[in-house]
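What follows is a single structure, written as structure tokens, with notes after it.
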There are 2 protein chains.
Amino acid sequence: MSGDTLPHGAATRRMAEWAATVSRERTLSTRTHAQKGIKDLLGCMIGGSAETVPKRVAQVALLLFGGSGGPCTLVGSGQRVSAAAAAFANGASAHILDFDDSFRPLTGHPSCTIVPAILAVAEEQHASGDDVIDAYVVGVEISAAMGRAAPKHHDVGWHGTATVGVVAAAVACARVLRLDTDGVANAISVAVSASSGSRMQIGYDVKCVQPGAAARDAVLAAYLAKAGIRGNPEVLVGPWGWSKLYAGVDSDGSEYVFPGPGEPLAIVDPGITYKPYPTCGSTHRTLNAVLEMCHRHNIRADDVERIETVIPFLNTQNLRYDRPVNGMQARFSMPYTCAVAVLCRQIRLSDFEDAAIARPDVQALMERVSMRTLPGSEHTDKTYLEMPCYTKISLRSGRVYEDERYDRRGESTQPLTTEEERFKFEDCTRSVLTESQRKQILALLENLGSVTDVAALTELLR
Amino acid sequence: MSGDTLPHGAATRRMAEWAATVSRERTLSTRTHAQKGIKDLLGCMIGGSAETVPKRVAQVALLLFGGSGGPCTLVGSGQRVSAAAAAFANGASAHILDFDDSFRPLTGHPSCTIVPAILAVAEEQHASGDDVIDAYVVGVEISAAMGRAAPKHHDVGWHGTATVGVVAAAVACARVLRLDTDGVANAISVAVSASSGSRMQIGYDVKCVQPGAAARDAVLAAYLAKAGIRGNPEVLVGPWGWSKLYAGVDSDGSEYVFPGPGEPLAIVDPGITYKPYPTCGSTHRTLNAVLEMCHRHNIRADDVERIETVIPFLNTQNLRYDRPVNGMQARFSMPYTCAVAVLCRQIRLSDFEDAAIARPDVQALMERVSMRTLPGSEHTDKTYLEMPCYTKISLRSGRVYEDERYDRRGESTQPLTTEEERFKFEDCTRSVLTESQRKQILALLENLGSVTDVAALTELLR
């Protein structure tokens, strides 16, 4: 094939080969981690399904993707729909609350694309619980590899959750379909041609539409590959490759690295981060500090003169709403989330219903919260976890409490307590599930490996 | 909204406002141009629907997007399917032959996204022929404006046909749905979040999947906007905007320009380019020359000693296959297409069936065709039409014929003859339609403005 000077398949083939051939023994050895990730995401997805935006997405999906009566579960709706409609709307539900997991190698949320995509394929295929776990672990690994290969991707404005997510989820779906290396490579190629999504949509409905679309396109990519659709075998590197177009990297493919035998999988190290609060991750270290100080010193809102917060530049960039007017903006507001933490001593989903924003006590306390950028953090090679968050609460009595911290609760090194996990799942699912349904789902999730047809789980999510 | 420093709606709002408010009187005044564009595209789409790749896309769409029985026509299949399945598979059919129109401001193919997307929405809505014409003209204008605003977009590797196409087609669909300026702006915002597609896929199945996906996502964007989904109001410019991410332009929005009262619409000037041959546009000026010389001087294959072609760098980049092994590659091969031109004195779709490639007479003649890059054309600000193509045919008799040309047949300044248009439509539709169906469709297309429900047309395409 003369004139064809692109390198053929170096990085893409390595990725496809790893994903097609990594042993199930190895992926299933991380079952506990995977079950935790899937449980956390399902909680967010079930809770999210009650929100307006995913409901609208579901309506449009039903209108355009074939109505009700398909093989797949539309979570929280009582309905079975087409696989594309399920992946699309469930993906939007999974991300709408901004409560879903994050992942440092990705600088984004891995599970909100992977889980809805896998569930749709697994349900259509009557796959087993172990198939789901296996595919989930593979998808998380791909998102880690791509995230590490594209370190500036997020900075320049791409929503890695969706842009990387569509490829990671496509590979996971291809794994459920048991495609071989060539098949996975074609799924990757189709998925890269659908890689899109922008950080401009933070604070807007479209933010959750993006991972929904990525989940849908991932399902599609895997089935198109299975149907024999062929793409360019090297889509990650080269002059027009993903690395160049989406991350400005003149890649030779060597950045795409996968764990060899004996090396830990990404789901184990560095592991996934779970959110204790349904707010932007950039508020979390500060909220950890505020809640701890309030509990330890029994601080009440009336006692507070002012709260001063200092956080890295990357984090202030996400917290774009000092005076939020709705729940979507309130998640990206340091004053609002700090005020809720002091007043309520916990942070619940109901604090982000639109009507909750205007509460006079919260509004009054917000006026006494300030946020500043950590000096020097604008220009540095350090990650945000290598720089501290400062929190200072000054009381009317003259007393002052201060906190400096680098660590974030919910990281794998500092996991949420069982009690926190339980509270989160209940808070998410309370408005959608009965107590009995919740117990059945949790019981199944803890023994997902023994489920022979994933329909046993998905029918409980309807 | 403190902290929100992106400019709000300057370029996107101007685009949305133009599209929502340009008068139908004005768009319908270009009815003849629009009907020509729609007819040419439908020919390509009907012919493409018989190809393997769109058939596979349609199978997957039926599996994942709701099976048969929806409101919209799957062209060439006898079936009605969901709107998303129709737009997706019809879009792939429209582009698979690489016979569909092109458009200089876009550096791409405008109609293969716009027409399938509009048809799906119009059919679902029972819109009229004039609605389709009106929306088509608006969509073409948007593709021109975005193409002009992003001159380097194509060069760096994006498949503008899909990346711009999804936005242009979304605006066209929003016009069919009669959304107001805010609605169109939201449709643009959703569509920009789905902008994807790479030139890496030239020569692979995925090349036609990309505009199919763009047509599908355009339909979705318009309906999501109609359902109240809201996106960032300024997605085209700003640090994370489309211009910056997809074309490296630090735009202030002033590049996005729309014709004022009295200025010609893009469909009139520069107008759309129609292909006389089902091959990459980069071969066309050379094929114009070869065919003319063969007819004029009655040159036969056996007479030919050698054919030397010299074309601009941009064109050689697309013609990646000196020795094509299948029909998809043969479209992007100068030796193959020149050999067919000499041997057959015309270029038909059947010349690009996989089995046709191996014909011994064609293979033998290919060996005598060479292609070189025009010196100096690698580094220039000139467009390819500002640089000549040279063609030299040397006969065994010692006789030499030479041709130098700047113009390309099928441009609006040098339109195809009525006979050529007829030949193209027949060649495209011969394998799918009866003579009677073809006549009915052509009659309807010539009076599209009098069609009150576009179903009268689409049912003939099934």
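The values are calculated or read from the model by the stated rules, or taken from the named source; none is laboratory data. Fair warning: this is a prediction, and the values are worked out from it, not measured in the lab. No Cβ is skipped: glycine too gets one built from the backbone with ideal geometry, and neighbour counts run over all protein chains shown. All accessible areas refer to the heavy atoms of the entire protein, side chains included, with ligands and DNA or RNA removed. Shrake-Rupley method; radii C 1.70, N 1.55, O 1.52, S 1.80 Å.
Hey, which of the helices (runs of 4 or more DSSP H) in region B:141-211, taking only ones fully inside, have at least 3 residues that are in contact (Cβ under 8 Å) with a residue 40 or more places away in the chain and farther than 23 Å from B:GLU123 by Cα? Explain how you work it out, then say what you get.
On the way: elements: B:160-163, B:165-176, B:181-192.
Passing ranges, in order: B:160-163, B:181-192.
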Of (1) open to solvent by less than 10 Å² (accessible area, probe 1.4 Å); (2) modelled with pLDDT under 95, B:HIS379 fails just (1)
Can you find even one residue in region B:66-82 that is under 18 Å from the mean Cα position of the chain (by Cα), surrounded by 24 or more Cβ atoms within 10 Å (Cβ to Cβ) and within 21 Å of B:ALA194 (Cβ to Cβ)? no
Restricting to region A:190-237, and then to whatever is more than 25 Å from the chain's Cα centre (by Cα) and more than 7 Å from every other protein chain (Cβ to nearest Cβ), can you tell me which residue is surrounded by the most Cβ atoms within 10 Å (Cβ to Cβ)? A:ALA225
Could you list all residues from region B:248-281 that are part of a helix (DSSP H, G or I) and either modelled with pLDDT under 95 or of a type in the set (Lys, Arg) (or both)? B:GLY281
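Being closer than 15 Å to A:SER77 by Cβ and either open to solvent by less than 10 Å² (accessible area, probe 1.4 Å) or charged (D, E, K, R) (or both) is the filter here; which residues of region A:91-108 pass it? Before the answer, list the steps.
Kept after step one, since they are closer than 15 Å to A:SER77 by Cβ, are these residues of region A:91-108: A:91-94, A:96.
Selection gives A:GLY91, A:ALA92, A:SER93, A:ALA94.
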Of all residues in region B:414-446, which are without any contact (Cβ under 8 Å) to a residue 12 or more places away in the chain and either among the hydroxyl-bearing types (Ser, Thr, Tyr) or surrounded by fewer than 12 Cβ atoms within 10 Å (Cβ to Cβ) (or both)? B:GLN414, B:THR417, B:THR418, B:GLU419, B:THR434, B:GLU435, B:SER436, B:LYS439, B:ALA443
Counting only residues that are open to solvent by 30 Å² or more (accessible area, probe 1.4 Å), touching a residue at least 40 places away in the same chain (Cβ under 8 Å) and over 18 Å from B:GLY271 (Cα atoms), how many does region B:26-55 have? 2
For region B:268-289, pairs from a residue that is at positive phi to a residue that is of a type outside the set (Asp, Glu), with Cβ under 9 Å and 6 or more apart or across chains, are B:GLY271/B:HIS33; B:GLY271/B:PHE103; B:GLY271/B:ARG104; B:GLY271/B:SER412; B:GLY271/B:THR413; B:GLY271/B:PRO415
Go through region B:301-340 and give me each residue that's out of contact with any helix residue (DSSP H, G or I) (no Cβ under 8 Å at 6 or more places or on another chain) and more than 14 Å from chain A (Cβ to nearest Cβ). B:ASP302, B:ASP303, B:GLU305, B:ARG306, B:GLU308, B:VAL310
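Let's see how each residue does on (1) farther than 24 Å from A:ASP381 by Cα; (2) surrounded by fewer than 23 Cβ atoms within 10 Å (Cβ to Cβ):
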{"position": "A:GLY129", "(1), (2)": "yes, no"}
{"position": "A:GLY139", "(1), (2)": "yes, no"}
{"position": "A:ALA149", "(1), (2)": "no, no"}
{"position": "A:ASP155", "(1), (2)": "no, yes"}
{"position": "A:THR163", "(1), (2)": "no, no"}
{"position": "A:VAL167", "(1), (2)": "yes, no"}
{"position": "A:CYS173", "(1), (2)": "yes, no"}
{"position": "A:LEU177", "(1), (2)": "yes, yes"}
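Would you mind listing the helices (runs of 4 or more DSSP H) fully within region A:1-107 where at least 2 residues are of a type in the set (Val, Ile, Thr) and out of contact with any Cys (no Cβ under 8 Å at 6 or more places or on another chain)?
Values: elements: A:10-21, A:24-28, A:31-48, A:52-64, A:83-96.
The helices (runs of 4 or more DSSP H) meeting that bar are A:10-21, A:31-48, A:52-64.
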Which residues, taken from region A:90-117, are closer than 22 Å to A:SER350 by Cα and more than 12 Å from the chain's Cα centre (by Cα)? A:ASN90
Residue pairs, Cβ under 9 Å, 6 or more apart or interchain, first in region B:358-376 and within 12 Å of B:GLU308 (Cβ to Cβ), second of a type in the set (Lys, Arg). List them. B:ARG368/B:ARG306; B:VAL369/B:ARG306; B:SER370/B:ARG306
Which number in (1) of a type in the set (Val, Ile, Thr); (2) surrounded by fewer than 22 Cβ atoms within 10 Å (Cβ to Cβ); (3) touching a Gly at 6+ places or on another chain (Cβ under 9 Å) marks the one condition that B:VAL22 misses? (3)
Checking the conditions here, which among B:PRO261, B:PRO276 is within 24 Å of B:TYR136 (Cα to Cα), touching an Asp or Glu at 6+ places or on another chain (Cβ under 8 Å) and of a type outside the set (Ser, Thr, Tyr)? B:PRO276
Failed condition for A:ARG31, given (1) out of contact with any helix residue (DSSP H, G or I) (no Cβ under 8 Å at 6 or more places or on another chain); (2) farther than 26 Å from B:CYS173 by Cα: (1)
List the number of the failed condition for B:TYR406; all other conditions in (1) in contact with a His (Cβ under 9 Å, 6 or more places away or on another chain); (2) open to solvent by 90 Å² or more (accessible area, probe 1.4 Å); (3) among the aromatic types (Phe, Trp, Tyr) hold. (1)
Options B:SER111, B:SER143: the member that is surrounded by 24 or more Cβ atoms within 10 Å (Cβ to Cβ), among the hydroxyl-bearing types (Ser, Thr, Tyr) and within 30 Å of B:ASP250 (Cβ to Cβ): B:SER143
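Quick check on this structure: which one of B:GLY66, B:GLY91, B:GLY78 is in contact with a Ser or Thr (Cβ under 7 Å, 6 or more places away or on another chain) and at pLDDT below 95?
On the way: B:GLY91 fails: at pLDDT below 95; B:GLY78 fails: in contact with a Ser or Thr (Cβ under 7 Å, 6 or more places away or on another chain).
The match here is B:GLY66.
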What's the number of the only condition in (1) in contact with a Phe, Trp or Tyr (Cβ under 9 Å, 6 or more places away or on another chain); (2) within 13 Å of chain B (Cβ to nearest Cβ) that A:PHE258 fails to meet? (2)
Residues (more than 17 Å from the chain's Cα centre (by Cα) and basic (Lys, Arg)) located in region A:118-174: A:LYS152
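Quick check on region B:242-253. Is at least one of its residues under 26 Å from B:THR27 (Cα atoms), more than 22 Å from the chain's Cα centre (by Cα) and within 8 Å of another protein chain (Cβ to nearest Cβ)? Don't jump to the end; show me each part of the working.
Residues of region B:242-253 that are under 26 Å from B:THR27 (Cα atoms), as a first pass: B:253.
Subsequent filtering for residues that are more than 22 Å from the chain's Cα centre (by Cα) retains B:253.
With within 8 Å of another protein chain (Cβ to nearest Cβ) added as a condition, the list becomes none.
Checked region B:242-253: no residue is under 26 Å from B:THR27 (Cα atoms), more than 22 Å from the chain's Cα centre (by Cα) and within 8 Å of another protein chain (Cβ to nearest Cβ).
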Only one of these is under 20 Å from A:ALA83 (Cβ atoms), more than 7 Å from every other protein chain (Cβ to nearest Cβ) and touching a Gly at 6+ places or on another chain (Cβ under 8 Å): B:ALA94, B:ALA89, B:ALA58. Name it. B:ALA89
